[in-house]
1. Check segment 145-164 and report whether any residue there is surrounded by fewer than 22 Cβ atoms within 10 Å (Cβ to Cβ), within 18 Å of the chain's Cα centre (by Cα), farther than 26 Å from residue 74 by Cα and touching a residue at least 24 places away in the same chain (Cβ under 8 Å).
2. Hey, can you tell me all the residues within segment 183-195 that are touching a residue at least 24 places away in the same chain (Cβ under 8 Å) and surrounded by fewer than 18 Cβ atoms within 10 Å (Cβ to Cβ)?
3. Just a yes or no: is a residue in segment 204-223 surrounded by fewer than 18 Cβ atoms within 10 Å (Cβ to Cβ) and under 12 Å from the mean Cα position of the chain (by Cα)?
4. Quickly run through segment 279-302 and pick out the residues that are within 18 Å of the chain's Cα centre (by Cα) and part of a loop (DSSP other than H, G, I, E, B).
5. Could you please let me know if residue 243 is outside any helix (DSSP H, G or I), under 28 Å from the mean Cα position of the chain (by Cα), without any contact (Cβ under 8 Å) to a residue 40 or more places away in the chain and surrounded by 11 or more Cβ atoms within 10 Å (Cβ to Cβ)?
6. Between 104, 121, which is closer than 22 Å to residue 173 by Cα and at pLDDT below 95?
7. Being modelled with pLDDT of 95 or more and more than 17 Å from residue 191 (Cα to Cα) narrows it down to one of 44, 50, so name that one.
8. For residues that are modelled with pLDDT under 95 and closer than 9 Å to residue 209 by Cα, tally how many sit in segment 14-40.
C-alpha cells in the first residue's frame, strides 16, 4: 500500500528551480531516504510535504490526503523534524515534552502515558529535569524526535536528523527509527551519510530537484554498470592528486587511505594500473577488484548527473 505519493512536483524560487517534476512513492511501514548534495531539493520537498510551503505544480498525497486540499488532516497524521529543530533550550526535557503536547492538542488523560512511553523509548528519563540547552547533541536529537512523536503521527519526515551528531549517538538514533518503522510508522529521511543510506528500505538519489536513481540499498550496487578497483600503497592518496590517470580509468575517488578506480573491465585494467603506478614511482601496491558500494553508486551518478 502506498502511504506517500509524489507526482510531478515542481517548485521554483524566482529563477532558481528547486524541484522539477519530482515523482516517487513510499510504501506503508518503510523507511525511504532522499540522498543528494546540498541544494538538490531535499529540504524543499520536506517543507512542501509537511504543508509549510506551497508548490508551483504537482501533488503530494499522504494516506490519501492532499497536502494542499487537506492540509489540516495531513498535519494531524505527520511529524516533521527539520534540520534545526526548535527545542526550547531554557525548558527542561519534561517541560519541552509538555509544551509540544499542548501545541499538538494531546489530551491530558493521554499525555502522561505518552510522555512516559517516549521517555522509556528515548532513554531520557534520567535527564527529565535537565534543561534542553545542557543536553549533548545526541540527547537533543532524541528529545527532538520525542517531541515530534508526542501526538503519535503515522508518517515521519526527518531532514538530515543526525548531522553533527557523534557516531555512537547516530547509531542509537537509528535504532530508535528502526523501532518506529517496525511498529508501523512510515518514515522519509534525508541523510548525507552513506552508512545511514544502507539502513533504509529504499533510497532515491536526488539531483537538481529530480530523482535520478531509485532502489533498495541491496539492489543498487548490483546495477552498477562499471567495475571498481581498490588500490592501496604508501603515500598513494597524497600522490594521486599529482597524477594524470589514463583515459581507461573513468573515475578516481578517495576512500580513507586508498583509492577506488572506476573501470570498464577490472581484469584487463589491473595489470595496466599496476604498471602505471610503478612507472610513477609508486611501489608496494595492493590492488584488487571489489564489489561496488552504495557510495560508489552515489558518486558515479552525482558526477555524471544521471
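The values are calculated or read from the model by the stated rules, or taken from the named source; none is laboratory data. None of these values were measured; they are calculated from a predicted model. In this analysis, Cβ positions are derived from the backbone assuming ideal geometry, glycine residues included, and neighbour counts consider all displayed protein chains.
1. Looking for residues that are surrounded by fewer than 22 Cβ atoms within 10 Å (Cβ to Cβ), within 18 Å of the chain's Cα centre (by Cα), farther than 26 Å from residue 74 by Cα and touching a residue at least 24 places away in the same chain (Cβ under 8 Å), one finds at least one in segment 145-164, hence yes.
2. Just the residues of segment 183-195 that are touching a residue at least 24 places away in the same chain (Cβ under 8 Å), to begin with: 184-194.
Correct list: 184, 192, 193, 194.
3. no
4. Keep residues of segment 279-302 that are within 18 Å of the chain's Cα centre (by Cα), which gives 293-302.
Listed by number, the list holds a single entry, 293.
5. Numbers: outside any helix (DSSP H, G or I): yes; under 28 Å from the mean Cα position of the chain (by Cα): no; without any contact (Cβ under 8 Å) to a residue 40 or more places away in the chain: yes; surrounded by 11 or more Cβ atoms within 10 Å (Cβ to Cβ): yes.
Against the criterion (outside any helix (DSSP H, G or I), under 28 Å from the mean Cα position of the chain (by Cα), without any contact (Cβ under 8 Å) to a residue 40 or more places away in the chain and surrounded by 11 or more Cβ atoms within 10 Å (Cβ to Cβ)), residue 243 does not qualify.
6. Numbers: 104 fails: closer than 22 Å to residue 173 by Cα.
When all the criteria are applied, what remains is 121.
7. Numbers: 44 fails: more than 17 Å from residue 191 (Cα to Cα).
After ruling out the rest, the residue left standing is 50.
8. 2
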